[in-house]
Amino acid sequence: MFSGKMDNMKNRDSKTHTTGQSVYLDDIPLVQGTLFGACFGSPVAHGIIKSLDIKAAEDMPGVVKIFTARDITGENQIGGIVPDEPLLADHKVDFCGMPVAFVVAETDEAARAAVKKIKIEIEHLPVITDPRVAQAKGELIIPPRTFVLGDTAEAFKKCAHVFSGEVNTNGQEHLYIETQGAYALPQENDALKIYSSTQSPRATQAASCRVVGIPMHQVEVDVTRLGGGFGGKEDQANAWAAMCALAAYQLKKPVKYALSRVEDMAMTGKRHPYSSDYIIGLNEDLKIIAYQVTFYQNAGAAADLSPAVLERTLFHCTNTYFIPNVKAIAYSCRTNLPPNTAFRGFGGPQGMFVIESAIAGAAESLGIDAAVIQEKNLNKNGDMFPYGQLAESEAINCWNKAGALYGIDKIRKEVAAFNASSVLYRKGISFMPVCFGISFTNTMMNQARALVHVYTDGSISVSTGAVEMGQGVNTKIIQTAAHVFSVSTDKVRIQTTSTHRIANTSPSAASATADLNCKATQIACSAIAERLIQVAANELGIVAGSVSLKDEMVFADNEKTDLSWKKLVMTAFMKRVNLSEHAHYSTPVIHYDKIKEKGHPFAYHVYGTAITIVTVDCLRGIYEFDAVKIVHDFGTSMNPAIDRGQIEGGLVQGMGWMTMEEIIYDAAGRLRSNALSTYKVPDIYSVPREIAIDFLQTDKENLAIFRSKAVGEPPLMYGLGAFFAIRNAIKAFNPAALIPFDAPLTPEKTLMALYSGKQTGSLMKVQEAVNETSGANS
């Protein structure tokens, strides 16, 4: 019926981005009379508010009003999963930067100047920053959750080798280029329109309505695009929109607030830090037959999305390995840090890092390469995950192809030869297999809608709940519509994401955005196309089954007719045929029972394998990544250029988390890594010299759009291999080195590890080389 060819088009935004024409929140023209907001955050992490003096701030020039908790007309609450997060602190503060007051003034400068005049007296309470301490004190966001498969207690008795250890991962700053912000405009009849930098228009709409005290049909949230999100704007965009909405509703004037970089870093949550304990048991054949893990998640001061992130950690606690006996326990621990939130991978990377550390620790104790254990335990079709779903696996295919394609035997020989001859440098290799489930783990969120209009000139308008934030989802939606109608992609326009056009949207998150919204678009376009084909059949006097659309023409029995796409559309309009469709899609098959902790939560899994090669300078502790070579399970990619970009970006972001992005809070809960001078992210000089990506193209049926599997989050986990490659290089230099499984493995930590433990011959040779160099220079 529809024979349109999939067009591997360029990202629709590439031209407007490079010419500076793309519209972000700060590019929206201001309405006359717009006021500006600024937030006063708590200077301490935990305490009781004894007094709040805003008089001097109110008297500042240009100040219109200062909002505190008592000015909220609705409910002082923005917590989604758990209602534990007030918009503005009332009697108690729970983290440094917690919003206490919202200043609205005639200019941005006036609002920020007034914030500095606010005085607050706080009675200090004990500050908790460590999740293990919080768990010991019973400070939990939700009750602990446990996944069980088999019987670990009995299985450990039969193990030939049992190892245990502790693993820690730090947080990660989202560092989206566009900071958090919102612009609220009053409408007639007490309605509001909010432009927001949000990944979740529905959540932002709901939070704003809750705070203001009006129903959702009175508030429209509109999003053109985001300047990056990475999960940081899935829930945490709500506070700033709600503040602007509250002020605009009461003052009857537009109100805008865009956070500065320092404000954004200090007042928003990060990727969740985790501290974990593991016990791993292997048999004589190096099969992992028992694994027990306990996760302590640092949730911060409020729930935010922590319960859902915790859940995905449990779902991914065994990564791509089949382990018949598993017990995984997870605690979401309340601390006095900003509420931590979604970040690309959504808890999955933290779970995977622990099992990879457990394998690396076991291999080290046994004196073998970790890759031996990894390969022996890759899952196969029909293997059961701890949560009950059966694997449809590409793990072994990805692993084998990576080894063969990139010549792993040759790489190992070259690395061994280099290490044997070099005094000051060592190379390390690691394998990083990945298995990542695609779907929101909260089943009800796996739904989407699309509104499609075909205009009488043949052009097409598409509205969905997807939010474009650099991942190329709008381009894939355009491809979908163009493919169904078999028209040029130039004929398709994507509208802004509006809660008035598409209600009850799910967030653009969980790597599911393209699948959900493209499927909804496909259904809508197909319904219109079927009606058009019937019109064409009537015009041609043939049966509808003989008619097809191809290259903007109507074909009858595969022969081109004189009926063009444009003429067909006008004919349908003249015959009063509906040229619009509002379609709904919900992912089939998926389900999950949180009581039994069993089900089929994912539409499918994405697999892959990365080989990472690094060179460590053993005198300075710095390192360069020679290459990361990847085989990735794309299914059948509908846009290889966009997908390749997602792989590269995700990989480097994961490597940054593992190597240099170190978030530091002091004992008082104050963020010390609060600027780009103290918080380092990968730049052009720190990315791998070579990133090779091979597409494991398969024609197997799956629930992805056109069998094109998701690529948003899975690539980030390839970055975990950076930690283990550096670790292996350190061990090649100093086999006695003491290297805790504590990420990130920064150059400082690397240098300390290189010279830890018992002194070895390598260390003596370095000293000799340094002495020779010093003598030559003198």
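For each pair in K50/K256; K15/K256; K65/K256; K410/K765, compute the distance between the two Cα atoms and list the pairs where it is over 18 Å.
On the way: K50/K256 30 Å; K15/K256 28 Å; K65/K256 14 Å; K410/K765 27 Å.
The pairs that break the limit, which is 18 Å between Cα atoms, are K50/K256; K15/K256; K410/K765.
Quick one: with all protein chains in place, what share of the accessible area of segment 378-504 is carbon or sulfur, to the nearest percent (1.4 Å probe)? All intermediate terms of the calculation are to be shown ahead of the outcome.
Numbers: 2430 of 4530 Å².
The computed percentage sits at 54.
Report the net charge of residues surrounding Q205, where surrounding means a beta-carbon distance below 11 angstrom and charges are Lys +1, Arg +1, Asp -1, Glu -1. Please list the in-between numbers first.
Values: positive: K193, R202, R210; negative: E220, D222.
With Lys, Arg at +1 and Asp, Glu at -1, the neighbours total +1.
Using a ≥ b ≥ c from the Cα gyration tensor of the chain (square roots of the eigenvalues), is it rounded, prolate or oblate, where a/c under 1.5 gives rounded and otherwise the larger of a/b and b/c decides, a/b for prolate? Walk me through the intermediate numbers first.
On the way: a/c = 1.80, a/b = 1.16, b/c = 1.55.
It comes out oblate by the Cα gyration axes.
Return the loop-located trypsin sites (Lys or Arg not before Pro) in segment 114-146 (DSSP other than H, G, I, E, B) with at most 13 other Cβ atoms within 10 Å of their own Cβ; answer none if there are none. Don't skip to the end; give the middle numbers.
Working: sites: K116, K117, K119, R132, K137, R145; in loops: K116, K117, K137.
Of the trypsin sites (Lys or Arg not before Pro), the ones in loops of segment 114-146 whose Cβ has at most 13 other Cβ atoms within 10 Å are K116, K137.
Ranked highest first by average number of other Cβ atoms within 10 Å, how do 735-743, 587-595, 333-341 line up? Don't skip to the answer; put the middle values down first.
On the way: 735-743: 17.6, 587-595: 13.4, 333-341: 27.2.
Per-residue Cβ counts within 10 Å, averaged per peptide and sorted highest first, yield 333-341, 735-743, 587-595.
Multiply the residue separation of Q534 and S461 by 0.36 nm, subtract the distance between their alpha-carbon atoms, and state the gained length in nm to one decimal. Could you put the intermediate results ahead of the total?
Values: separation 73, 0.36 × 73 = 26.28 nm, distance 2.15 nm.
Answer, rounded to one decimal: 24.1 nm.
Quick one: grab the alpha carbon gyration tensor of segment 569-668, order the square roots of its eigenvalues as a ≥ b ≥ c, and give me rounded if a/c is under 1.5, else prolate or oblate depending on whether a/b is larger than b/c. Write down the numbers at each step before the final one.
Values: a/c = 2.60, a/b = 1.88, b/c = 1.38.
Prolate, because a/c is 1.5 or more and a/b exceeds b/c.
Students often get this wrong: which residues of segment 474-492 have the backbone nitrogen under 18 Å from the point 7 angstrom along Cα-to-C-beta of T561?
485-487
Name the GluC sites (Glu not before Pro) in segment 475-578 that are in a loop by DSSP and that have at most 12 other C-beta atoms within 10 Å, would you? The partial results should precede the final answer.
Details: sites: E530, E539, E552, E559; in loops: E552.
Hits after loop and neighbour filter: nothing returned.
Once the convex hull of the C-alpha atoms of segment 473-587 is built, how many Å³ does it hold per residue, rounded to a whole number? All intermediate terms of the calculation are to be shown ahead of the outcome.
On the way: hull volume 13.2 nm³, N = 115.
It comes to 115 Å³ per residue, whole-number rounded.
Rounded to the nearest 500, what is the chain's calculated 222 nm mean residue ellipticity when only DSSP H runs of at least 4 contribute -39500 (n - 2.57) each, over all residues?
Details: 20 runs with 233 residues, N = 778.
Only helices count here, giving -9000 deg cm²/dmol.
With the full set of protein chains in place, find how many percent of the accessible area of segment 94-141 is carbon and sulfur; take the probe as 1.4 Å.
On the way: 1150 of 2360 Å².
After summing per-atom areas, the C and S share lands at 49 percent.
Under the 0.36 nm per residue contour assumption, what length would be gained going from the current alpha-carbon distance of I684 and I48 to full extension? Before the final figure, lay out the partial values.
On the way: separation 636, 0.36 × 636 = 228.96 nm, distance 4.58 nm.
Once the chain is fully extended between I684 and I48, it gains 224.4 nm.
Go through segment 661-735 and name the GluC sites (Glu not before Pro) that are in a DSSP coil and have 11 or fewer other Cβ atoms within 10 Å of their Cβ.
Hits after loop and neighbour filter: E701.
Ranked highest first by average number of other Cβ atoms within 10 Å, how do 441-451, 611-621 line up?
611-621, 441-451
Per residue, how big is the convex hull of segment 506-650 when only Cα atoms are used? Give it in Å³. Don't jump to the answer; show the numbers that get you there.
Values: hull volume 31.7 nm³, N = 145.
Dividing the Cα hull volume of segment 506-650 by its residues yields 219 Å³.
Which percent of the accessible heavy-atom area of segment 207-332 goes to carbon and sulfur, probe 1.4 angstrom? Mind dumping the intermediate values first?
On the way: 1490 of 2690 Å².
Whole-percent figure for carbon plus sulfur exposure: 55.
Please label the shape of segment 557-625 as rounded, prolate or oblate, based on the square roots a ≥ b ≥ c of the eigenvalues of the alpha-carbon gyration tensor (a/c under 1.5 means rounded; beyond that, a/b larger than b/c means prolate, else oblate). Please list the in-between numbers first.
On the way: a/c = 4.04, a/b = 1.86, b/c = 2.17.
Oblate shape, in that a/c is at least 1.5 and b/c is the bigger or equal ratio.
Length gain on complete extension for the stretch L405 to M574, per 0.36 nm per residue less the alpha carbon to alpha carbon distance?
Numbers: separation 169, 0.36 × 169 = 60.84 nm, distance 5.81 nm.
In short, 55.0 nm is gained.
Please give the peptides 726-734, 16-24, 214-222 ranked by average Cβ packing (other Cβ atoms within 10 Å per residue), highest first, as a rough proxy for protection. Walk me through the numbers on the way to the answer.
On the way: 726-734: 24.6, 16-24: 11.8, 214-222: 18.2.
The packing order, highest mean first, is 726-734, 214-222, 16-24.
Determine, from the Cβ-Cβ distance of K157 and E701 and an R0 of 56 Å, the FRET efficiency 1/(1 + (r/R0)^6), rounded to the nearest 0.05.
Working: r = 42 Å, r/R0 = 0.75.
According to the calculation, E is roughly 0.85.
For Cα pairs less than 8 Å apart in space and 6+ apart in sequence, what is the mean separation divided by the residue count of the chain, i.e. the relative contact order in percent? Mind showing how you got there, number by number?
Values: 1911 pairs, mean separation 116.3, N = 778.
With pairs under 8 Å counted, the relative contact order is 15 percent.
With every protein chain left in place, what is the accessible area per residue of the chain in square angstrom, probe 1.4 Å? Don't skip to the answer; put the middle values down first.
Numbers: 29640 Å² over 778 residues.
With the other protein chains kept in place, the chain gives 38 Å² per residue.
If the cut-off is a Cα-Cα distance under 29 Å, which lysines reach K158, setting aside same-chain residues fewer than 8 apart in sequence?
Partners found: K287, K327, K376, K380, K596, K598.
The values are calculated or read from the model by the stated rules, or taken from the named source; none is laboratory data. Small disclaimer: the values here were computed from a predicted structure and weren't measured. Neighbour counts are summed over all protein chains in view; Cβ atoms, including those assigned to glycine, are modelled from backbone coordinates with ideal geometry. Side chains included, ligands, DNA and RNA excluded: accessible areas come from the protein's heavy atoms. Shrake-Rupley method; radii C 1.70, N 1.55, O 1.52, S 1.80 Å.
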